[in-house]
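Below is one structure, written out as structure tokens; the observations come after it.
Values quoted throughout were computed directly from the atomic coordinates according to the rules given, and no laboratory measurement underlies them. Please read these numbers as outputs of a predicted model, since none were measured by experiment. A quick note on method: Cβ atoms are made from the backbone with ideal geometry, for glycine too, and the neighbour counts reach across all protein chains shown.
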Amino acid sequence: MKNYLLSNYNRFGIYFDRGEGATLFDRDGKRYIDFASGIGVNSIGYGNNEFSKAVSEQVSKLLHTSNLFRIAPQEELAEKISQLSKYQLFSFFANSGTEANESAIKLVRKYGSKTGRYKIVTLEHSFHGRTYGSLSATGQVSLHENFQPMLDGFSYAKDIEDIYNLIDDKTIGVMVELIQGEGGVEPLPKEEIQRLAQYLKSKDILLIVDEVQTGIYRTGEFLASNYYEIEPDVITLAKGLGGGVPIGVMATKLENGFEAGDHGSTFGGNFLASVAGLKVIEILEKEYKSGDLQKRIELFEKRLNQLVEKFPIYTSLHGIGLMRGLSIGKGFELSTIVEKGLEHGVILLKSGRNRLRFLPPLTISLNEIEEGFFKIEKLSKEILDKHGK
Ligand SMILES: Cc1ncc(COP(=O)(O)O)c(C=O)c1O
């Protein structure tokens with residue numbers, strides 16, 4: 001059959017049909033334990049009745065009015081984000097991570113326009129999105145090829161120390177992921193980040209933390225910034241917040257960072273997305289408070305450590321909470337592991353720096369974790385047998 005889609009994705013030949021908990025079923029009824037959650041989106045897994053009810057009731061009632069009018073659940077969600085972040089934040093709603101980052105770049109540049117500053121320093125191996133502002137912020141030159149010129153004013157530091165070297169009198173912002181998702185699930189050192197945050201404050205340079213992947217309890221805390229005990233000037237959220245409904249948020253300390261007409265979005269924060277975000281947060285807050293999220297994190301970490309102990313395929317463990325990476329030893333192929341995972345019925349992700357990435361739903365059951373790791377052990381034995389090890 002002819003396929004009328006553009007070829008910008010490298011897709012596996014599987015059609016999923018439905019899901020339950022952290023388990024997906026394809027059209028032939030084959031089960032897959034999901035250790036990927038649609039790249040960190042399906043934070044509450046599949047088939048959650050409470051979520052379905054809230055969203056479908058809203059679908060029947062009202063989906064969209066535009067931001068010409070007040071939207072009660074959007075206001076409620078903004079308040080909730082500020083409350084759970086544990087410091088005062090004011091939100092702008094968009095529809096994706098890249099849009100959230102675009103709005104962060106605009107906000108920061110507006111702040112800098114008063115003093116003629118516009119430059120933003122980001123990190124090598126970072127990933128901030130695919131639209132021009134966010135792509136320009138992304139410190140991976142290979143992604144810029146064929147799409148030049150990028151937006152002016154971005155530079156890419158090798159590590160945190162190098163950020164200080166790249167700051168000059170035109171710098172208005174520093175933008176980082178506290179754990180680089182695409183860049184190998186590598187957490188930045190906590191003390192260095194805290195020192196950087198203090199330094200930037202003293203220079204009136206804004207700190208933007210891209211929490212698109214790390215936010216909404218992915219690390220075990222509401223924000224990775226909470227885990228790092230910092231209060232960035234700007235954070236961006238997306239992925240896990242909508243439980244599969246598209247949403248993006250840019251939240252900032254700067255109450256008057258935008259004035260009417262500075263920025264906007266037709267769909268951003270409509271009734272559907274805001275109700276979805278509120279319900280996801282309500283469900284995950286309960287999981288956090290009851291200690292169930294922590295139990296899952298502990299079991300997941302234990303099983304990952306056992307993989308490193310048992311199989312020379314996996315050399316070291318990286319990441320925090322339920323955002324994890326395993327380094328793959330020399331002679332082993334990341335793609336083979338992911339493909340074998342699908343054969344065995346466990347969904348795994350790749351990340352940069354030759355690492356296997358794990359982003360399971362935050363509501364995954366302990367049994368599903370055990371089943372997923374059982375499958376990984378099986379496929380790992382097969383790989384080792386093939387290598388004659
Ligand atoms: C850290 C980070 N920032 C931004 C993005 C872009 O988000 P989206 O694909 O929703 O535009 C992603 C996702 O791929 C991401 O992981």
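Please report the relative contact order for the chain, taking Cα pairs under 8 Å with a sequence separation of at least 6, and give it as a percent rounded to a whole number.
23 percent.
What's the center-to-center distance, using Cα atoms, between the range 39-94 and the range 252-268 in Å?
Between the Cα centres of the range 39-94 and the range 252-268 lies a distance of 17 Å.
Using square roots of five times the C-alpha gyration tensor eigenvalues, list the equivalent-ellipsoid semi-axes of the chain in whole Å, biggest first.
33, 26, 20
For helix 72-85, report the angle its Cα long axis makes with the longest principal axis of the Cα atoms of the chain; keep it between 0 and 90° and round to the nearest 10°.
80 degrees
Per Stokes-Einstein, at 20 °C and 1.002 mPa s, what whole-number D in µm² s⁻¹ belongs to the range 304-360, with the Kirkwood radius over Cα pairs as the hydrodynamic radius?
Reported coefficient: 188 µm²/s.
Give a quick list of trypsin sites (Lys or Arg not before Pro) in the range 69-105 that DSSP marks as loop, anything other than H, G, I, E or B, with at most 11 other Cβ atoms within 10 Å.
Here the sparse-neighbourhood loop sites are Arg70.
Using only helices, what value at 222 nm comes out for the chain when you add -39,500 (n - 2.57) per DSSP H run of length 4 or more and divide by the total residues, to the nearest 500 deg cm²/dmol?
Dividing the helical sum by the residues of the chain leaves -12000 deg cm²/dmol.
Which one, Asn67, Asn367, Asn354, has the greatest fluctuation when you compute a Gaussian network model over the chain with C-alpha springs under 10 angstrom?
Residue with maximal mean-square fluctuation among Asn67, Asn367, Asn354: Asn367.
Across the range 232-389, how large is the tail of the calculated P(r) beyond 24 Å, expressed as a percent of all Cα pairs?
48 percent
Multiply the residue gap between Glu79 and Ser202 by 0.36 nm, knock off their C-alpha separation, and tell me the result in nm, one decimal place.
Answer, rounded to one decimal: 41.5 nm.
Considering only the other residues whose Cβ falls under 11 Å of the Cβ of Asn165, what net charge follows from Lys and Arg at +1 and Asp and Glu at -1?
Net local charge, Asn165 excluded: -3.
Please sort 122-128, 107-113 by packing, taking for each peptide the average over its residues of neighbouring beta carbons within 10 angstrom, highest first.
Descending packing order for the listed peptides: 122-128, 107-113.
Take His318, His144 and order them by how many other Cβ atoms sit within 10 Å, fewest up front.
The fewest-first ordering by Cβ neighbours comes to His144, His318.
Per residue of the range 245-257, in order, report the coupling 6.51 cos²θ - 1.76 cosθ + 1.60 (Karplus, θ = phi - 60°) as ³J(HN,Hα) in whole Hz, putting x for Gly and Pro.
8, x, 7, x, 9, 10, 10, 9, 5, 6, 4, 10, x
Can you tell me the 0 to 90 degree angle between the C-alpha axis of helix 190-202 and the longest principal axis of the chain, rounded to 10?
Relative to the chain, helix 190-202 is tipped by roughly 10 degrees.
Taking the Cα centre of the chain as the origin, how large is its charge dipole in debye, to the nearest 20, when only Lys and Arg (+1) and Asp and Glu (-1) carry charge on their Cβ atoms?
Dipole magnitude for the chain comes out near 560 debye.
Enumerate the calculated ³J(HN,Hα) couplings along the range 375-381 in order (Karplus 6.51 cos²θ - 1.76 cosθ + 1.60, θ = phi - 60°), each rounded to whole Hz, writing x wherever the residue is Gly or Pro.
Karplus values, whole Hz, x for Gly and Pro: 5, 5, 4, 4, 5, 5, 4.
For Met150, Met250, which order do you get if you count the other beta carbons within 10 Å of each Cβ and list the fewest first?
Met150, Met250
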